[in-house]
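Novice: Just dropping this structure here.
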């Protein structure tokens, strides 16, 4: 099987399997949300935030470097494995001894011993990250999905049992720890990667040369992804942090089901064309349109029906998620455009430029936070939308320079999808208002509006020949014919 066919098979498998894994995680999360309070989820969000920041430091951009390196040896794998284990252990002890100060910073709403327990996951993830990377490099997403499903179902079942027996936040912490541990053990059993505890200085320097700027960019990105949660956790109610965290999670869900699995295949695939700008631009353009086509209607319909969805699945104690979600949905819609513009920098090895751009963006975020914070939480959320639009212009400047794909060209390519989404938006609002007037239940409003609105969108897409499946077939055909 050539790389074009292998990439298409991997893409289909990854999108399907990621969707299935995300579905399982959402079902488990919904059950736990009905059993636990928003305040507990707010405290849990702080624990996740701390780990997410540390994970970027451990990864150090080295995994991305390994993926794009054409020939790897066991010494390369072993060097990165050993380096990541050392960093993860060092970070664990740092957090262990700083846990009381971290707890005090958040007004002691998160007991410090919970921070110590959760931080152990850093070492667990470092233990298996290269085994997962090898499967990604080999485009073996079927095995990744299988192991993810097993670990998530087992961890979720135990967490639900613990929540039913009044373990509170510990049910969430144990779920995270069990999922990571089971997934890591299964990866070590299933993936043949005989790493050793050695460090080859030459190999490490080579990978750090590529990965160091990605690490710095990742650290900045992690800080500023979490900065809103830090500010909300510090200056607003813990329940508001939980609502924001859930809204962010749900707005990212379609991205995790569509954009991220596509990119897991696209990044190693496009890396083959780093020296052929014409082909790189052509494939990139088609992938961007396809991803935007699939993501946008889901976000539009979800934004309109989120209140009905929450009342059906989470009860009215979580209803404040809906207004937060509607704002964050606008950010999510633009995500694939940002993501793939930046991916070009990684594919072409422009990591210094990637980092410099990230510094500029973070400066803009800091300024916007200081400006809008006195106006409350909603203003803070709207600032993310404004920043996202500004970043779109910045990203497109580099895309124009590197692959001659300007913002106006991207806008024109995506315009048909925007128009279809606008029609779907109007139809969904109109239908929802009529169904509410006649007194249908939240479930029936959700079912009718969701299904009919998406039918309208995809029917119009078919009528006007906007079919992402055809685009994917074209990518494979062009690659196979050597275009």
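The values are calculated or read from the model by the stated rules, or taken from the named source; none is laboratory data. Please read all numbers here as calculations on a predicted model, not as lab measurements. Cβ coordinates were reconstructed from backbone atoms using ideal geometry, including for glycine residues, and neighbour counts include every protein chain displayed.
Novice: I'm trying to understand the selection: among the residues of the range 408-446, which are without any contact (Cβ under 8 Å) to a residue 60 or more places away in the chain and buried (at least 16 other Cβ atoms within 10 Å of the Cβ)?
Specialist: Matches in the range 408-446: 416, 427, 431, 435, 440.
Novice: Considering (1) at pLDDT below 60; (2) assigned to a helix (DSSP H, G or I), say which one residue 459 fails and leave the rest.
Specialist: The one condition residue 459 does not meet is (1).
Novice: Okay, moving on. If the requirement is being at pLDDT 85 or above and surrounded by fewer than 21 Cβ atoms within 10 Å (Cβ to Cβ), which of these qualifies: 113, 165?
Specialist: Values: 113 fails: at pLDDT 85 or above.
Being at pLDDT 85 or above and surrounded by fewer than 21 Cβ atoms within 10 Å (Cβ to Cβ) holds for just one of 113, 165, which is 165.
Novice: Condition first: buried (at least 16 other Cβ atoms within 10 Å of the Cβ) and within 27 Å of residue 307 (Cα to Cα). Now tell me which residues in the range 338-375 satisfy that.
Specialist: 372
Novice: Quick check, is residue 28 surrounded by fewer than 21 Cβ atoms within 10 Å (Cβ to Cβ), in the same structural domain as residue 165 (by TED's automatic domain parsing), closer than 27 Å to residue 257 by Cβ and modelled with pLDDT of 80 or more?
Specialist: no
Novice: Related question: Residue under question is residue 17, and the condition is that it be crowded, with 18+ Cβ neighbours inside 10 Å, at pLDDT below 80 and assigned to a helix (DSSP H, G or I); does it hold?
Specialist: yes
Novice: Of the conditions (1) modelled with pLDDT of 85 or more; (2) not assigned by TED's automatic domain parsing to the domain that holds residue 138, residue 94 satisfies every one except a single condition; which number is it?
Specialist: Failed condition: (2).
Novice: Please verify whether the range 421-443 includes one or more residues that are modelled with pLDDT under 80 and assigned to a helix (DSSP H, G or I). Let's see the steps before the verdict.
Specialist: Looking only at the range 421-443, we keep the residues that are modelled with pLDDT under 80, and these are none.
Among the residues of the range 421-443, not one is modelled with pLDDT under 80 and assigned to a helix (DSSP H, G or I), which makes the answer no.
Novice: Let me ask another. Have a look at 67, 46 and point out the one that is part of a helix (DSSP H, G or I) and at pLDDT below 70.
Specialist: It is 67.
Novice: If residue 396 passes every condition in (1) out of contact with any helix residue (DSSP H, G or I) (no Cβ under 7 Å at 6 or more places or on another chain); (2) in a helix (DSSP H, G or I) but one, which one does it miss?
Specialist: (1)
Novice: Scanning for something more than 14 Å from the chain's Cα centre (by Cα), touching a residue at least 40 places away in the same chain (Cβ under 8 Å) and part of a loop (DSSP other than H, G, I, E, B), does the range 316-337 turn up at least one residue?
Specialist: yes
Novice: Checking residue 405 against (1) in a helix (DSSP H, G or I); (2) surrounded by 17 or more Cβ atoms within 10 Å (Cβ to Cβ): exactly one of these is not met. Which one?
Specialist: All conditions are met except number (1).
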